[in-house]
Every structure is written in structure tokens, then in C-alpha cells.
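Bear in mind these aren't lab numbers, they're just calculated from the coordinates by the rules spelled out. Here the structure is a predicted model, which means the values were calculated and not measured. Using ideal geometry, Cβ is built from the backbone for each residue, glycine included, and neighbour counts are taken over all protein chains shown.
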Amino acid sequence: MSPPEEIKCSEGETSKDLFFIAKGECECYIRDLDKKERFVRVLFSGQHFGEISFLTGAKRTATI
């Protein structure tokens, strides 16, 4: 279990990890064209993130 407010992955980094949320929730942010961080959505228990990098090897598209 991760402590509250811990960043699990950052937009632009490379990784091959895929995450499943077993308990709790995570906030998702992206940087807009002005490089300002913008809230996108909340992910809840049972959801996942990191699949784009996991499947394609591309850089992370969001900060979670």
C-alpha cells in the first residue's frame, strides 16, 4: 500500500510497469500546452493505469 500523495508514475518518464488499484483511489494529471498541470480524473479500486507504456513502450502520458 502506498502512502497518500505519493506519485506512482510521472508524465514523460519511461517504464514498463502496469498498476492495478486494489484499494483507495488515485488522481490523474496531465500537463497542458502551457506546461501547467491539469486535473483529469480520479481512478478507483478495480481500475488500472500504465497500460500505454506497458503495451507500447511509450513514455508515460499522465502523472498518477
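Across region 20-43, the qualifying residues are those that are of a type in the set (D, E, K, R) and touching a Leu at 6+ places or on another chain (Cβ under 9 Å), and the one among them that is surrounded by the fewest Cβ atoms within 10 Å (Cβ to Cβ) is GLU25. Looking at GLY50, is it among the small types (Gly, Ala, Ser) and exposed (fewer than 10 other Cβ atoms within 10 Å of the Cβ)? So GLY50 does not fit the description; no.
Look at region 30-58: where a residue is free of Cβ contacts under 8 Å to residues at least 40 places away in the same chain and basic (Lys, Arg) and a partner is surrounded by fewer than 10 Cβ atoms within 10 Å (Cβ to Cβ) and in a loop (DSSP other than H, G, I, E, B), sitting 6+ places away or on another chain with Cβ atoms under 8 Å, you get ARG38/ASP32. Looking only at region 6-64, residues that are of a type in the set (Ser, Thr, Tyr) and part of a loop (DSSP other than H, G, I, E, B) come to 5 in all.
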